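Below is one structure, written out as structure tokens, with a few remarks after it.
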Amino acid sequence: MESQKPIFSVKTDRLHIRTMKTDDLESFLNYRSNPEIAKFQLFDVMDSDRAQKFVETYSQKRFGTLGEWVQYSIENLETREMIGDCAIKLHAFDARIAEIGITISPLHHKKGFAREALKGVIDFLFSEENFHRIVALVDTRNAASIAMLESCSFRLEGHFIGSYFENGTWTDEFQYAMNRSDWQNLRNR
């Protein structure tokens, strides 16, 4: 088994992306029980028991195991409230490649939090962890996430037709990515 890194912590101007805490349960359940949030993601609406198990599990998980997702809380620094979560999975065969996903509570949509969290995490992964590549898969119907990825200069690399089966239908998704060289070029502008 690969050695796991210590607690994950990234701060931006308004946010702290950090390991989940059991105190996050109420905020987490408030948005993860919302069908609108689950609509474009590969998870079902959560009830309180499932949410509690999820938060307990991810409060113990640490960043760094190949092929495993780890979920982090996105905390508003001003209110100290969990407003969303960030998922990161290291590629199963190469720890220099990660897949990332951001979920923000509908109460905090359209405030730039998803973009700020994504930029903070990609800066951390490229500058501190020396990653080569970050990938994001997005449902082709999720216009807000597509716009956010493009605003962060992620490149559209693929369109997967009938990529996964959910709610009785095959769903398409786009693959977006950014390589370390893309990130460095953006920083040098």
Could you list, in sequence order, all residues of the stretch 28-48 that are more than 23 Å from G64 (Cβ to Cβ) and either in a loop (DSSP other than H, G, I, E, B) or at pLDDT 95 or above (or both)?
S33, N34, K39, F40, Q41, D44, V45, M46, D47
Search the stretch 76-105 for residues being touching a Ser or Thr at 6+ places or on another chain (Cβ under 9 Å) and not small (G, A, S), and hand back the single one that is farthest from K61 (Cα to Cα).
L77
Against the condition surrounded by fewer than 13 Cβ atoms within 10 Å (Cβ to Cβ), at pLDDT 90 or above, over 23 Å from A143 (Cα atoms) and of a type outside the set (K, R), how does E2 come out, does it pass?
no
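Only one of I134, I122, I146 is of a type outside the set (S, T, N, Q), in contact with a strand residue (DSSP E or B) (Cβ under 8 Å, 6 or more places away or on another chain) and over 14 Å from D182 (Cα atoms). Can you tell me which?
I146
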I'd like to verify a number: residues in the stretch 132-189 that are among the aliphatic types (A, V, I, L, M), assigned to a strand (DSSP E or B) and more than 20 Å from the chain's Cα centre (by Cα), how many?
1
Does A143 satisfy being over 26 Å from R18 (Cα atoms), small (G, A, S) and either at pLDDT 95 or above or surrounded by fewer than 16 Cβ atoms within 10 Å (Cβ to Cβ) (or both)?
yes
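Specify the residue that is farthest from M20 (Cα to Cα); the eligible residues are those in the stretch 52-103 that are assigned to a helix (DSSP H, G or I) and without any contact (Cβ under 8 Å) to a residue 24 or more places away in the chain. Explain how you work it out, then say what you get.
Residues of the stretch 52-103 that are assigned to a helix (DSSP H, G or I), as a first pass: 52-60.
So of that shortlist, the ones also without any contact (Cβ under 8 Å) to a residue 24 or more places away in the chain come out as 53, 57, 60.
Numbers: K53: 12, T57: 9, Q60: 8 Å.
Among those that are assigned to a helix (DSSP H, G or I) and without any contact (Cβ under 8 Å) to a residue 24 or more places away in the chain, it is K53.
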Single unsatisfied condition, E129 versus (1) part of a helix (DSSP H, G or I); (2) under 22 Å from F63 (Cβ atoms)
(1)
Lone qualifier among D49, D44 - being on the phi < 0 side of the Ramachandran plot, among the acidic types (D, E), over 17 Å from the mean Cα position of the chain (by Cα) and loosely packed, with under 15 Cβ neighbours inside 10 Å
D49
Any residue in the stretch 111-123 that is among the hydrophobic types (A, V, I, L, M, F, W, C) sitting within a Cβ distance under 6 Å of a residue that is assigned to a helix (DSSP H, G or I)? List the pairs, counting only those 6 or more apart or interchain.
A114/M148
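The values are calculated or read from the model by the stated rules, or taken from the named source; none is laboratory data. Since the model is a prediction, treat every value here as computed from it, not as a measurement. We place every Cβ from the backbone using ideal geometry, glycine too, and count neighbours over all the protein chains shown.
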